[in-house]
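Below: one structure, written as structure tokens.
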Amino acid sequence: MLYVKNLYKSYLSGSKEYPVLKKINLHIGVGEFVAVMGPSGSGKSTLLNCISCYIPFEKGEIRLGGTALANLDETALAKVRNEKLGFVFQDFMLLDGLTIRENILVPRIIRGNADHEGEELADHLLTLFGIDHIRSKYPAEVSGGERQRAAVVRSLINRPLMILADEPTGNLDSKSGRTVMEAFENARNQMNTTVFMVTHDSFFASFCDRVILLKDGMVFRELEKNGNRSSFHELLLTTIKEMSGDIQ
Ligand SMILES: Nc1ncnc2c1ncn2[C@@H]1O[C@H](COP(=O)(O)OP(=O)(O)OP(=O)(O)O)[C@@H](O)[C@H]1O
Ligand SMILES: [Mg+2]
């Protein structure tokens, strides 16, 4: 579903080129819940932003649901973002002047399909994700975890191929963060949505099916969950220690 092949991306500082992503290769299948972890500056957000079509890359290939992203013009990229992707951000990005239900419908309005079907889907998702009781409240009147679950529902309202989330639990405590991970699991289980998330936090990453560890712009290792969540958490902690050179 998502293929990244030999992705290379650098930033210019003055006349000097700093490579940030060096030959990244990865594949994510339909319905997978995958996290990217790695130290600060390892290129996690850059990778996500390349897949999100927000920043151009110099070499390599990204294919999303059969479409190659390189060489698409701005209009075509905007269409991919709107029709194939859903986004969840660290700081929620809900509009203060709209209710939770209205916020959820915003991507339908942008796409020009704010119809009865969209309204029905919004109501269905509000119930499915356990936030129906806050549908008429404003973002300032609900908790951080509820805001982020509303953002997850908003990301699903155009039935995207994939949700991209950069540090979705960054502003949440572990209890609220957990409800957001359960919302992603729900999206995967009920709607077969693919979720690709960047996180610093091994506890939240342990909810995923697979974790890709980035180091210095390269894939250090990929880890799959074969047992339960807590044994996967242990495996992640050990491997991160190994990656940072604490143990050999
Ligand atoms: N627009 C930019 N211009 C120049 N350099 C940039 C730009 N964006 C990021 N970088 C550099 O690229 C490297 C990777 O940044 P990136 O934001 O992808 O890291 P990250 O893994 O998401 O880090 P963090 O965990 O702190 O969010 C860093 O060294 C950063 O300083
Ligand atoms: Mg980042």
One finds the C-alpha centres of region 106-129 and region 38-81 to be spaced, in Å, by 26 Å
Rg from C-alpha atoms of region 2-243, normalised by the globular rule of thumb 2.2 N^0.38 Å, equals 1.01
In degrees, nearest 10, the alpha-carbon axis of helix 74-84 is tilted away from the dominant principal axis of the alpha carbons of the chain by 70 degrees
Rounded to the nearest 10, the angle in degrees between the Cα long axis of helix 229-243 and the longest principal axis of the Cα atoms of the chain comes to 40 degrees
Of the residues PRO39, ILE28, ILE51, the Cα lying farthest along the dipole of region 2-75 towards its positive end, which is defined by charges on the beta carbon of Lys, Arg, Asp and Glu, belongs to PRO39
Given the candidates ILE109, TYR138, PHE89, the one whose Cα lies deepest towards the positive end of the charge dipole of region 57-139, counting +1 at each Lys or Arg C-beta and -1 at each Asp or Glu C-beta, is PHE89
Length-normalised contact order of the chain, Cα under 8 Å, at least 6 apart, in percent, tallies to 26 percent
Unit-weight point scatterers at every alpha-carbon of region 1-121, Debye formula, q = 0.15, 0.16, 0.17 1/Å: log10 I(q)/I(0) is -0.84, -0.93, -1.01
Spelling it out for ASN171: with amide H atoms placed in the peptide plane at 1.01 Å from N, the residues 5 or more places away or on another chain with amide H under 5 Å from its amide H are none
Computed from every Cα-Cα pair in region 77-139, P(r) in 5 Å bins starting at 0 and rounded to whole percents is 4, 16, 24, 28, 20, 7, 1, 0
Lys and Arg at +1, Asp and Glu at -1: neighbours of LYS9 with Cβ under 11 Å from its Cβ sum to +1
Regression test value, accessible area per residue of the chain, probe 1.4 Å, units Å², expected 47 Å²
Once normalised by the length of region 153-248, the mean sequence separation of its alpha carbon contacts under 8 Å that are 6 or more apart gives a contact order in percent of 22 percent
Whole-Å distance linking the alpha carbon centroid of region 160-187 with that of region 198-233 is 15 Å
Residue by residue through region 29-40, the couplings from Karplus 6.51 cos²θ - 1.76 cosθ + 1.60 with θ = phi - 60°, in Hz, x for Gly and Pro, are x, 4, x, 7, 10, 10, 10, 10, 10, x, x, 4
Rounded to the nearest 500, the 222 nm mean residue ellipticity computed for the chain from DSSP H runs (n ≥ 4, each -39500 (n - 2.57)) alone is -11500 deg cm²/dmol
With +1 at each Lys and Arg Cβ and -1 at each Asp and Glu Cβ, the charge dipole magnitude of region 2-243 around its Cα centre, to the nearest 20 debye, comes out at 600 debye
Over 22 Å (Cα to Cα) among LYS59/LYS241; LYS44/LYS137; LYS23/LYS215; LYS9/LYS44 -> LYS59/LYS241; LYS44/LYS137
Taking Cα atoms only, helix 116-128 is inclined relative to the longest principal axis of the chain by an angle, in degrees rounded to 10, of 70 degrees
Computed ³J(HN,Hα) along region 138-144: with the Karplus parameters 6.51/-1.76/1.60, θ = phi - 60°, integer Hz and x for glycine or proline, the list is 9, x, 5, 9, 10, 6, x
Magnitude of the Cβ-charge dipole (Lys and Arg +1, Asp and Glu -1) of region 181-248 about the Cα centre, nearest 20 debye, reported as 100 debye
So, relative contact order of region 45-168 in percent, Cα under 8 Å, 6 or more apart, is 37 percent
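The values are calculated or read from the model by the stated rules, or taken from the named source; none is laboratory data. Computed from a predicted structure; not experimentally measured. Virtual Cβ from ideal backbone geometry, glycine too; neighbours counted across all protein chains shown. Just the protein is used for accessible areas: all its heavy atoms, side chains included, with ligands, DNA and RNA removed. Shrake-Rupley method; radii C 1.70, N 1.55, O 1.52, S 1.80 Å.
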